[in-house]
1. Across segment 177-206, what is the total count of residues that are of a type in the set (A, V, I, L, M, F, W, C) and within 16 Å of Gly151 (Cα to Cα)?
2. Based on what the data block shows, is Asp220 charged (D, E, K, R) and buried (at least 21 other Cβ atoms within 10 Å of the Cβ)?
3. Residues that are in contact (Cβ under 8 Å) with a residue 12 or more places away in the chain and assigned by TED's automatic domain parsing to the domain that holds Ile8: find the helices (runs of 4 or more DSSP H) completely inside segment 139-229 holding 1 or more of those.
4. For segment 21-40, which residues satisfy the criterion of being closer than 23 Å to Leu270 by Cα and hydrophobic (A, V, I, L, M, F, W, C)?
5. Do you know which residues across segment 112-138 are assigned to a loop (DSSP other than H, G, I, E, B) and under 24 Å from Ala44 (Cβ atoms)?
6. So if I check each of Ala155, Ala114, Ala178, Ala169, which one is modelled with pLDDT of 95 or more, surrounded by 24 or more Cβ atoms within 10 Å (Cβ to Cβ) and not β-branched (Val, Ile, Thr)?
7. Only one of Leu35, Leu46, Leu4, Leu90 is modelled with pLDDT of 95 or more, of a type in the set (A, V, I, L, M, F, W, C), surrounded by fewer than 24 Cβ atoms within 10 Å (Cβ to Cβ) and in contact with a strand residue (DSSP E or B) (Cβ under 8 Å, 6 or more places away or on another chain). Can you tell me which?
Amino acid sequence: MSELEKLINLAKNAAEKIRKYRFARVVSHNDADGLTSAGIMAQALLRAGICFQISIVGRLDEAVIEEVNRSISVEEVVIFCDMGSGQPELIGKVAADVIVLDHHQPVGQSPAKAIVNAHLAGIDGATDISASGTCYLVARELSADNIDLAGLALAGAVGDKQLFRTANAFILGEALKAGVVSIRKGLKVGDGDLVDVLAYTIEPFMDITGYPEKTKEFLDLLELSGRIEDLSEEEVSRLANAVALKLVRQASPEAIEAVIGEVLLLNRELVRNVYDFNSILSTCGKQKIYGLAISLCLKDREIVNEALSLKKEYEKKLVLNIRENVEKIRKGENIWYVITADAISTGSLASTVVRYLHPELPFICVNESEGILKVSARGTRELVSKGLDLAFALREAASAVGGSGGGHNVASGAVLPIGSEEEFLSIADRIIGEQLRKPGKGKAR
């Protein structure tokens, strides 16, 4: 049996269990992958005639479990999406049956009735399948008609900057064959006016990013104008080559590879360009407008203009906020880091720095917000190949200062008590140094 077959069997088992319930409480993460996961499960449950309630949360903690327990009964089921694999002790406190649909590294023995996680089948959940992909595999076992949800699964994978191999390749193949998605070659950015798109996207992050005047000068030199989706094949090639030349000076090889190539078009969704679609979801997630995000996944045409307007405004603020925080970056022995407050998106900031500015070492952002310290850490695939495991590093360092952390080897997060940032960074720096000097040491267990 192949690894993919093992994963599909896990999905089959979860689908069989879900069918037995009349009501499901779905709890999912607030990023693009978590929101598409919730969208997939909402439609799959609706079509299966199972009543449901969706909650979107920033992280799984005691407060979430308490809220779930206040509104669930023992004969119902709680489905955790894009979370739950690393918190078996919390799963055990849920006063109902639990199913976990996740792609994070599992920790310990889970009391869940069913777990669908690529790691359990020998597939890397950090790179080869997202939570939304995991939810899609369960949805297609609930009904073959749910193949139209594959676009949401692929959007989640793009949102988590994954590779289209093994499980993701399987989902992409199904989606292409069914006409659920199609592919356009070019720059992997959203649609719209060239100046606006290039000036206010952080993928790619260039010396012209955040500066519309400089962006227009750059485009004038290339003799390009208009909307990016209307460019000819030759114009697209000219633009892609010029962007690649800008990036090659400093960005990581995987960043260059990630922004030039094939753009996924979501043929069954209201916003077809996957980068525009994900940007809307990310905007909704950061601004806690979760209903708008789920409505988009459920194809509510009335919200599209509002969603696009919010996205445009948020993208401009995000670029300026990243520019501001980049000025505060400091270097440790084995990491780059920044200590800041009220950053708009720590994940976006961390990804931007490690992909486009300092790819030689992992980057950690510590952000004071809402009375706690929120941490986002990012690495590169090359650093992971040298032994980097940010999930282990952040879990250990956060635990040492009274916090909690975890995630993937290449991207992880943590929550810390106020005042613990320096000690946390010192411990994380040391652990990461040990990992990079001795590949394999410090790996997640």
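1. Number satisfying all stated conditions: 4.
2. No: the conditions fail for Asp220.
3. So the answer is 150-159, 166-178.
4. Correct list: Ala32, Leu35, Ala38, Ile40.
5. Once the filter is applied, which keeps residues that are assigned to a loop (DSSP other than H, G, I, E, B) and under 24 Å from Ala44 (Cβ atoms), segment 112-138 yields Ala112, Lys113, Ile123, Gly125, Asp128, Ile129, Ser130.
6. Ala155
7. Testing whether each residue is modelled with pLDDT of 95 or more, of a type in the set (A, V, I, L, M, F, W, C), surrounded by fewer than 24 Cβ atoms within 10 Å (Cβ to Cβ) and in contact with a strand residue (DSSP E or B) (Cβ under 8 Å, 6 or more places away or on another chain) leaves just Leu46.
Here is a yes/no grid of residues against (1) under 26 Å from Pro417 (Cβ atoms); (2) not hydrophobic (A, V, I, L, M, F, W, C):
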| position | (1), (2) |
| --- | --- |
| Lys316 | no, yes |
| Glu333 | yes, yes |
| Tyr356 | no, yes |
| Gly379 | yes, yes |
| Ala397 | yes, no |
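The values are calculated or read from the model by the stated rules, or taken from the named source; none is laboratory data. The shown structure was predicted, so the numbers you read here are calculated from the model rather than taken from an experiment. Quick reminder, even Gly has a Cβ in these numbers, built from the backbone with ideal geometry, and neighbours come from all protein chains shown.
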